[in-house]
Amino acid sequence: MIDAHIHISRVEGITASPQQATRVLAEEMDRFGLAAVIVIPDNVPNSNMLGLEATLALMRTDPRVYVLGSPDILGQGHGQLGFFAQMMQEGLLRGLKVFCGHDAYFPTDARLRPYLDLLESQDLPLVVHTGENPGDPTASRWNQPETLVELALAWPKVRVVVAHLCWPRVRECLELCQAIPNIHYDLSAIAAASVLARTGEETMRETVSLLAERCPDRVMFGSDWPMVPIARQFEFVRSLNLGHSVLEQVLHMNAARCYRLPR
């Protein structure tokens with residue numbers, strides 16, 4: 001199994017510090033027999049989440065850990081472009097993640113174009129944070145399904161990964177995005193209690209089942225650990241009865257292909 005959406009961060013009652021989270025993550029990977037995890041660092045310093053340098057250091061100690069870059073276009077524009085290009089050429093980054101909604105810009109922002117050019121040249125994906133944020137429903141204005149379609153159509157050679165299914169607009173995410181072949185989905189946080197309460201558990205179950213049925217090669221398991229337990233996400237996905245072949249793609253094969261992980 002591959003978990004395509006992990007953070008190393010401090011979460012009240014779960015991990016006291018990013019350093020402790022690193023140790024707990026290794027235990028969780030052993031517990032679930034994870035073949036690989038995609039770790040997403042923060043794009044700003046001094047947060048509760050590990051930054052890129054510390055995350056890369058972790059990757060060097062555990063071959064199951066793969067890392068995304070997270071550009072800070074509000075603070076640095078395309079100033080990180082050369083660094084990210086070098087990291088990708090050395091095989092240290094497997095794509096980029098943008099925090100639209102946490103940060104006030106759209107994924108179609110012109111300041112992202114150099115990074116999208118880089119991803120296209122390296123055949124690596126762009127992960128987009130989508131949906132509301134707990135306690136801030138207005139955050140979703142920056143990452144609506146319509147904007148993701150616009151982005152994917154403008155960059156047809158870049159795999160656009162929709163994280164969190166634009167909750168609570170999961171049905172619109174399915175209907176608007178399913179026909180766009182370079183849009184992929186990671187299922188991170190879909191089983192979080194706050195997400196299910198806002199979206200509706202039955203709506204989420206129906207939507208994810210339909211998504212896996214219609215796009216079986218573009219849906220990836222992800223947890224959003226430590227904010228959402230890996231076990232909670234796994235049990236939710238397994239309970240959908242997707243069938244062995246589809247479940248195998250969702251839990252492993254699709255992420256390995258999307259992020260070009262070693263077989």
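The values are calculated or read from the model by the stated rules, or taken from the named source; none is laboratory data. Keep in mind that this is a model prediction, so the values were computed, not measured. A quick note on method: Cβ atoms are made from the backbone with ideal geometry, for glycine too, and the neighbour counts reach across all protein chains shown.
Observations on the model:
- The number of residues in region 178-207 that are more than 15 Å from PHE234 (Cα to Cα), in contact with a helix residue (DSSP H, G or I) (Cβ under 9 Å, 6 or more places away or on another chain) and touching a residue at least 40 places away in the same chain (Cβ under 8 Å) comes to 4.
- HIS102 meets all of the listed conditions (1) at pLDDT 95 or above; (2) within 17 Å of the chain's Cα centre (by Cα) but one, namely (1).
- Of all residues in region 55-76, those being in contact with a helix residue (DSSP H, G or I) (Cβ under 7 Å, 6 or more places away or on another chain) and farther than 18 Å from VAL127 by Cα number 3.
- Where helices (runs of 4 or more DSSP H) fall entirely within region 180-263, those with at least 1 residues that are over 18 Å from the mean Cα position of the chain (by Cα) are at 193-199, 201-214, 230-238, 244-248.
- Residue match in region 191-203 (condition: touching an Asp or Glu at 6+ places or on another chain (Cβ under 6 Å) and surrounded by 15 or more Cβ atoms within 10 Å (Cβ to Cβ)): no
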